[in-house]
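I'd like to ask you about the structure that follows.
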Amino acid sequence: MPDVTIGSSGLRGYLAVPDGDGPWPGVVVLQEVFGLNDDIRAHADRLAAVGYLAVAPDLYSEGPRLRCIQRAMRDLFARRGLTWEYIEQTHQWLTGREDCTGRAGVIGFCLGGGFALLAAARYDFDAAAVNYAPVPPDAAEILRGACPIVASFGKRDQMLRGAAAKLDSTLTTLDIAHDIKEYPKAGHSFLNDHRAPLPLNLLFKVVLGAGFKEAPAHDAWTRIIMFFGEHLTA
């Protein structure tokens, strides 16, 4: 599967194409804070294996990395900026391809999950998969009119206590189709098998109790694929 250039701005990305003949529904895959790494590529490949044209934009294309991380986090909370432009540019590029049906979802992890949650209402996505993402205080206002959302959290995630319950309650009130689940034995980032530098791994695994958990990850992916199947393949 190739690395690609998305649009005319120099935005890089990774494209995973299903076997066989298209067109296929698309999925924009949004990276965690560590960037477009092997984990995120593997997630795109997993989606392609079940029939989705999946593209993961490199939200740090501008470089250098530390400055890009700071910018992305600032953009998330400011709800404006280059990162948002990259996401919508990727969305338009994906749905404009001849091998895409024109229907598309978005999936995000950690930092990318935060963008995916807000993008569910901000852009014309047909479904969103949100994984261990912060839920903003004004969620009831900004998620009004959002597309259907499937979300997964870890109960041991010290950074997101109460986030699953808050999101579930908000989406119920707004009458938005959703599937929210919190896994008792999982922490933050339980879908990703990190290969980060040692200090970051220690921070995530020891201090924050984060890291890959096979059983919750398998169940979460099963729910995501079923949810996308319901909302993207019509």
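The values are calculated or read from the model by the stated rules, or taken from the named source; none is laboratory data. Computed from a predicted structure; not experimentally measured. Neighbour counts are summed over all protein chains in view; Cβ atoms, including those assigned to glycine, are modelled from backbone coordinates with ideal geometry. Each accessible area value is taken on the protein alone, full model and side chains, heavy atoms only, with ligands, DNA and RNA left out. Shrake-Rupley method; radii C 1.70, N 1.55, O 1.52, S 1.80 Å.
Which percent, nearest 5, of DSSP beta bridges in the chain are antiparallel? The partial results should precede the final answer.
On the way: 9 of 33 bridges.
Once the DSSP bridges in the chain are tallied, antiparallel ones form about 25 percent.
Name the residues whose placed amide hydrogens come within less than 5 Å of the amide hydrogen of Gly22, ignoring near sequence neighbours (fewer than 5 apart) on the same chain.
For Gly22, no residues qualify.
Let me ask something else. Which value results when the Cα radius of gyration for the stretch 63-158 is divided by 2.2 N^0.38 Å? List each step's numbers first, then the result.
On the way: Rg = 13.7 Å, N = 96, 2.2 N^0.38 = 12.5 Å.
Normalised Cα radius of gyration, the stretch 63-158: 1.10.
Given Cβ point charges of +1 (Lys, Arg) and -1 (Asp, Glu) and nothing else, what value in debye, to the nearest 20, does the dipole of the chain about its Cα centre take?
Numbers: 23 positive and 27 negative charges, 183 e Å.
Approximately 880 debye in magnitude.
In addition: In deg cm²/dmol, rounded to 500, what helix-only [θ] at 222 nm does the chain give when every DSSP H run of at least 4 residues adds -39500 (n - 2.57) and the total is split over its residues? Working shown, then result.
Numbers: 8 runs with 92 residues, N = 234.
Value at 222 nm, helices only, nearest 500: -12000 deg cm²/dmol.
Let me ask something else. So, in the chain, how many Lys pairs have Cα atoms under 16 Å apart, if the pair is 8 or more places apart or on different chains?
Eligible lysine pairs with Cα atoms under 16 Å apart amount to 10.
If you don't mind, another one. In Å², what does the accessible area per residue of the chain work out to with a 1.4 Å probe?
Numbers: 10470 Å² over 234 residues.
In whole numbers, the chain has 45 Å² accessible per residue.
Right, next: With a 1.4 Å probe and every protein chain left in place, tell me how much accessible area Lys155 has, in Å² to the nearest 10.
Near enough 130 Å² of accessible area.
Carbon and sulfur: what percent of the stretch 45-148's accessible surface (1.4 Å probe)? Kindly include the intermediate steps, with their values, before the conclusion.
Values: 2050 of 4160 Å².
Carbon-and-sulfur percentage of accessible area, whole number: 49.
Run the quick spin-label model on Arg12 and Met159: label points 7 Å from Cα toward the beta carbon, then report their separation in nm to one decimal.
According to this spin-label approximation, the distance is 2.4 nm.
What ranking, highest mean first, results for peptides 170-182, 122-134, 53-65, 79-91 when packing means the other Cβ atoms within 10 Å averaged over each residue? Intermediate values should be presented prior to the final figure.
Details: 170-182: 16.6, 122-134: 24.3, 53-65: 20.6, 79-91: 18.5.
My ranking of the peptides, most packed first, is 122-134, 53-65, 79-91, 170-182.
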